[in-house]
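Participant: Below you'll find the structure I mean.
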Amino acid sequence: MATNFKVGSFNAIDTSEENVKKSSKSNKSGQNLDLKKRLLFLGGIILGVVVVLFLVLYLISLFVGKNYSYDDLETIMINAAEAYFENHPKKLPQNENQRVEIDVETLAASEYMDPMIEYTGEELTCTGKVSVQTNGDGYMYVPHLDCGDEYVTQSLTEVIESDVVTEGYGLYQVGDSYHYRGEEVNNYLQLDNSLWRIVKVTSDGDIMLILGEDYTQSVPWDNRYNSQVGYNIGINTYSASRIKDTLSELYENNEEEEAILSDEDRSKLVNFNLCTGKRSMTDTTTDNSVECSETLEGQKIGLLTAADYMMASVDANCTTITNRSCQNYNYLVSSYSWWLVTAVSDVTNYVYGVNSTGVVEDSTAASYMRPRAVVMLDKNVLFKSGKGTYEKPYKIK
């Protein structure tokens, strides 16, 4: 009996320990289940809060609208106009320098953009239109946004002509055109690939530019055989010159390290009539009347005339093109020699060029100087930023 009692007692004790272990496991399993439930519940709350927050932000955006800058609005207008004319190509201008316009109301009604109030809100009233014109290299889209006293789109021409002087250095009105004159003038303009100087605003409102830095190599103006002289000394007729061909290649060049113009730059340029008349060394005119007695129409690129070089100087003694005083107070003076488009009259082989001190000399056409290119910027290009200084040149949109 004692033995059975002991055995039974040990069995009872072992059963009790197993129950304790099972109970402990059960408690732990229950605690883990409760923890998972709490974590899932907490996760659900967080997810719900995030969903509600996004919903609230979305509803606010519907009623408040986005914050658009004026540049954003102009870009929206251009994109809408491009999409519209892509679907209505017959409405595009067909002739050179022809211009058509489309307003934002038409673009909104055609669902190419939202009504202007959707971008500006009810507190700001803006109207706008986009003009489209051909310029020889495609179409140029120009927006005009008018938000009253808050903002009005400005062209570069308008910005330039707002700062006219009557003495000293700066922009002078000369007849119907405007010329920069003097040694230190704020007429720098940065295009995509190169820095330029603004020479003048023409009577048509277009803007003449000349290369502002050394981007080219020295070349002859012309090196053909001249039968009157008997040498390969060149012929000083621009329309058949080597330098005309050189300039055409320079205009079309798209090589990354050599191109002076990007495709975007070229889209903002207009063709112009290049004045190619010859001039005597004693001529005293500065209005291009002599140079423009002969013109080469529809040019994309050219060189500066003798009269325009003289006009850039404010020295009263600059009375003839070869007068050494023309180098004084003249922003066009550079550290290298460069060609003018104007040839010397009464001879067939001499052309005017500006040496590294700014003095204009008559040189044989076969001499080597740099082709300092001139192009014409469309009068409708828009001002973006800048002061016209070397450090902060004008930039266009």
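The values are calculated or read from the model by the stated rules, or taken from the named source; none is laboratory data. Only a predicted model underlies this, so the values are computations on that prediction, with no experimental measurement involved. Glycine gets a Cβ as well: all are built from the backbone with ideal geometry, and neighbour counts include every protein chain shown.
Participant: Is one or more of the residues making up the range 109-129 part of a strand (DSSP E or B), hydrophobic (A, V, I, L, M, F, W, C) and outside the structural domain of Leu377 (by TED's automatic domain parsing)?
Facilitator: no
Participant: Give the number of residues within the range 316-343 that are among the hydroxyl-bearing types (Ser, Thr, Tyr) and free of Cβ contacts under 8 Å to residues at least 24 places away in the same chain.
Facilitator: Result for the range 316-343: 1.
Participant: Checking Leu340 against (1) under 30 Å from Asp192 (Cα atoms); (2) assigned to a loop (DSSP other than H, G, I, E, B); (3) modelled with pLDDT of 95 or more; (4) in contact with a Gly (Cβ under 9 Å, 6 or more places away or on another chain): exactly one of these is not met. Which one?
Facilitator: Only one criterion is unmet by Leu340, namely (2).
Participant: Also, quick follow-up: Considering only the range 223-274, how many residues are basic (Lys, Arg), assigned to a loop (DSSP other than H, G, I, E, B) and farther than 30 Å from Leu156 by Cβ? Give the derivation first.
Facilitator: Keep residues of the range 223-274 that are basic (Lys, Arg), which gives 224, 242, 244, 266, 268.
Keeping just the survivors that are assigned to a loop (DSSP other than H, G, I, E, B) gives 224, 268.
Then drop every residue that is not farther than 30 Å from Leu156 by Cβ, which leaves 224.
Summing the residues that are basic (Lys, Arg), assigned to a loop (DSSP other than H, G, I, E, B) and farther than 30 Å from Leu156 by Cβ in the range 223-274 gives 1.
Participant: Residues to consider are Pro143, Pro93; find the one that is surrounded by 15 or more Cβ atoms within 10 Å (Cβ to Cβ), outside the structural domain of Asn273 (by TED's automatic domain parsing), under 17 Å from Lys397 (Cα atoms) and out of contact with any Pro (no Cβ under 7 Å at 6 or more places or on another chain).
Facilitator: Going through Pro143, Pro93 in turn, just one is surrounded by 15 or more Cβ atoms within 10 Å (Cβ to Cβ), outside the structural domain of Asn273 (by TED's automatic domain parsing), under 17 Å from Lys397 (Cα atoms) and out of contact with any Pro (no Cβ under 7 Å at 6 or more places or on another chain): Pro143.
Participant: Give Val375, Val347, Val351 a once-over and let me know the one that is under 28 Å from Ser227 (Cα atoms) and either part of a strand (DSSP E or B) or touching a strand residue (DSSP E or B) at 6+ places or on another chain (Cβ under 7 Å) (or both).
Facilitator: Val351
Participant: Return the total of residues in the range 139-188 being touching a residue at least 60 places away in the same chain (Cβ under 8 Å), small (Gly, Ala, Ser) and under 17 Å from Val333 (Cα atoms).
Facilitator: 1
Participant: May I ask you to list the residues in the range 126-153 that are under 14 Å from Asp71 (Cβ atoms), of a type outside the set (Ser, Thr, Tyr) and more than 17 Å from the chain's Cα centre (by Cα)?
Facilitator: Cys126, Gly128, Leu145, Cys147, Glu150, Val152
Yes/no per residue for (1) closer than 19 Å to Tyr215 by Cα; (2) small (Gly, Ala, Ser); (3) outside the structural domain of Glu213 (by TED's automatic domain parsing); (4) under 33 Å from the mean Cα position of the chain (by Cα):
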{"site": "Asn317", "(1), (2), (3), (4)": "no, no, no, no"}
{"site": "Trp338", "(1), (2), (3), (4)": "yes, no, no, yes"}
{"site": "Ser345", "(1), (2), (3), (4)": "no, yes, no, no"}
{"site": "Asn355", "(1), (2), (3), (4)": "yes, no, no, yes"}
{"site": "Glu361", "(1), (2), (3), (4)": "no, no, no, no"}
{"site": "Ala365", "(1), (2), (3), (4)": "no, yes, no, no"}
{"site": "Arg372", "(1), (2), (3), (4)": "yes, no, no, yes"}
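Participant: Assess whether Ile207 counts as being closer than 30 Å to Ala366 by Cα and surrounded by 21 or more Cβ atoms within 10 Å (Cβ to Cβ).
Facilitator: It is false that Ile207 is closer than 30 Å to Ala366 by Cα and surrounded by 21 or more Cβ atoms within 10 Å (Cβ to Cβ).
Every residue, every condition in (1) farther than 21 Å from Asp204 by Cβ; (2) out of contact with any Gly (no Cβ under 8 Å at 6 or more places or on another chain); (3) at pLDDT below 95, yes or no:
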position	(1), (2), (3)
Lys90	yes, yes, yes
Ala108	yes, yes, no
Glu118	yes, no, yes
Tyr169	yes, no, no
Gln173	no, yes, no
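Participant: Determine, yes or no, whether Ile160 is of a type in the set (Val, Ile, Thr), in contact with a helix residue (DSSP H, G or I) (Cβ under 9 Å, 6 or more places away or on another chain) and either assigned by TED's automatic domain parsing to the domain that holds Leu377 or over 25 Å from Asp362 (Cβ atoms) (or both).
Facilitator: For Ile160, the condition - of a type in the set (Val, Ile, Thr), in contact with a helix residue (DSSP H, G or I) (Cβ under 9 Å, 6 or more places away or on another chain) and either assigned by TED's automatic domain parsing to the domain that holds Leu377 or over 25 Å from Asp362 (Cβ atoms) (or both) - is not met.
Participant: Hey, another quick one. For the range 369-388, state whether one or more residues are farther than 30 Å from Thr134 by Cα and crowded, with 17+ Cβ neighbours inside 10 Å. Working first, answer last.
Facilitator: Filtering the range 369-388 for residues farther than 30 Å from Thr134 by Cα gives 369-370.
Imposing the further condition that a residue be crowded, with 17+ Cβ neighbours inside 10 Å reduces the set to 369-370.
Yes, that holds for at least one residue.
Participant: Provide a single number: the residues in the range 354-372 that are outside any strand (DSSP E or B), of a type outside the set (A, V, I, L, M) and either in contact (Cβ under 8 Å) with a residue 24 or more places away in the chain or in contact with a Gly (Cβ under 8 Å, 6 or more places away or on another chain) (or both).
Facilitator: Qualifying residue count, the range 354-372: 5.
Participant: If you don't mind, there's one more thing I want to ask. Select from the range 289-313 the residues that are over 24 Å from Tyr251 (Cα atoms) and surrounded by fewer than 19 Cβ atoms within 10 Å (Cβ to Cβ) and list them in ascending order.
Facilitator: Across the range 289-313, the qualifying residues are Ser289, Ser293.
Participant: A follow-up question, please. Need pairs with beta-carbon distance below 7 Å; first residue more than 16 Å from Leu274 (Cβ to Cβ) and within the range 230-246, second of a type in the set (Lys, Arg) and not in a helix (DSSP H, G or I); sequence gap 6+ or separate chains.
Facilitator: Going by the 7 Å Cβ cut-off, the qualifying pairs are Asn232/Arg224; Gly234/Arg224; Ile235/Arg224.
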